[in-house]
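So the structure is just underneath, and the comments pick up after that.
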Amino acid sequence: MSIRHVLVVDDEPDICELLEITLARMGLEATTATRLEPARALIAERDFDLCLTDMRLPDGDGLDLVRHIQCERPELPVAVITAHGSVDTAVQALKLGAFDFVSKPVDLKQLRELIDAALRLETGSPGPDASDSDTAPATPDDGPLLGQSEPMQRLRATIHKLARSQAPVFISGESGSGKELVAREIHRLGPRAERPFVPVNCGAIPGELMESEFFGHRKGAFTGATQDHTGLFQSADGGTL
């Protein structure tokens, strides 16, 4: 298996050293840049499997780099490193197309999980146009969604884009319009594809059993609990609930 390459963009030497050590222990090669312009040049010169960028850089910010990558290299997952508590900034990064974010001080366990998930993403992408207009063409072989009309092409492009992000997704539509099918496609094309997909019809679960269904219970926990029951959260661990 070839060595995977990660671009680290941060102007703090301590953070760069920490990330380089973490990546090396994972068998990954790290290339660092301390400013926005050198990072753009590196992205143009060579292929990377992941980009980790700080939000604040001497000549710009991480959001500028996220926009650049979405325009020039949309197949490249990019994760941003934010200051502790900068929720609004992290949400903005996700909306622009960032795969995920990690807060400072960096939790190494969380960072390793983020890197593993990003490197499991499909290398294919709907193309630069999809990051802006969500109108990239798709073929019938892309999945179970049928039809080649413009709305279906937009839907496929949106699914591809969402599958490359860890951002929460809300899917709405009339009964029978295919909400679960879209959810399954986002799961299938994302980094959790090899883990369980567990659909739940909350309306079919009586209110008094909701806690037991989601969190599970032990035998004898209440009247009628004749055996241990694995909750839905545990069943979907690492996958999609």
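The values are calculated or read from the model by the stated rules, or taken from the named source; none is laboratory data. Keep in mind it's a predicted model, so treat the numbers as computed, not measured. With ideal geometry, Cβ positions are generated from the backbone for all residues, glycine too; neighbour counts draw on all protein chains shown. Ligands, DNA and RNA are excluded from the accessible area calculation, which covers all protein heavy atoms including side chains. Shrake-Rupley method; radii C 1.70, N 1.55, O 1.52, S 1.80 Å.
Mind checking which residues of region 168-182 are open to solvent by 30 Å² or more (accessible area, probe 1.4 Å) and either closer than 15 Å to residue 237 by Cα or in a loop (DSSP other than H, G, I, E, B) (or both)?
Selection gives 168, 169, 170, 171, 172, 173, 174, 175, 176, 177.
Where in region 1-73 are the helices (runs of 4 or more DSSP H), entirely inside, with at least 3 residues that are exposed (fewer than 13 other Cβ atoms within 10 Å of the Cβ)?
Once the helices (runs of 4 or more DSSP H) in region 1-73 are filtered for at least 3 residues that are exposed (fewer than 13 other Cβ atoms within 10 Å of the Cβ), what remains is 13-25, 36-45.
Checking residue 75 against (1) in contact with a strand residue (DSSP E or B) (Cβ under 7 Å, 6 or more places away or on another chain); (2) of a type in the set (Asp, Glu); (3) within 21 Å of residue 121 (Cβ to Cβ), which test does it fail?
Evaluating residue 75 over (1) in contact with a strand residue (DSSP E or B) (Cβ under 7 Å, 6 or more places away or on another chain); (2) of a type in the set (Asp, Glu); (3) within 21 Å of residue 121 (Cβ to Cβ) leaves (1) as the failure.
Do the conditions hold for residue 224, that is, is it part of a loop (DSSP other than H, G, I, E, B), open to solvent by less than 70 Å² (accessible area, probe 1.4 Å) and over 30 Å from residue 92 (Cβ atoms)?
Criteria met by residue 224.
Kindly establish whether residue 231 is open to solvent by less than 80 Å² (accessible area, probe 1.4 Å) and either under 25 Å from residue 188 (Cα atoms) or in contact with a Gly (Cβ under 6 Å, 6 or more places away or on another chain) (or both).
yes
Please enumerate the residues belonging to region 79-98 that are open to solvent by less than 30 Å² (accessible area, probe 1.4 Å), touching a Gly at 6+ places or on another chain (Cβ under 9 Å) and not in a strand (DSSP E or B).
Correct list: 93, 98.
Do we find a residue being among the small types (Gly, Ala, Ser), outside any helix (DSSP H, G or I) and modelled with pLDDT under 90 anywhere in region 150-164?
no
I'd like to check something: does region 87-96 contain any residue that is of a type in the set (Gly, Ala, Ser) and either closer than 17 Å to residue 164 by Cβ or touching a Lys or Arg at 6+ places or on another chain (Cβ under 7 Å) (or both)?
Yes, the conditions are met somewhere in region 87-96.
Report, by residue number, each residue of region 11-26 that is aliphatic (A, V, I, L, M) and either modelled with pLDDT under 90 or out of contact with any Ser or Thr (no Cβ under 9 Å at 6 or more places or on another chain) (or both).
Once the filter is applied, which keeps residues that are aliphatic (A, V, I, L, M) and either modelled with pLDDT under 90 or out of contact with any Ser or Thr (no Cβ under 9 Å at 6 or more places or on another chain) (or both), region 11-26 yields 15, 18, 21, 23, 24, 26.
Among the residues of region 183-221, which ones are over 23 Å from the mean Cα position of the chain (by Cα) and assigned to a helix (DSSP H, G or I)?
202, 203, 204, 207, 208, 209, 210, 211, 212, 213, 214, 215
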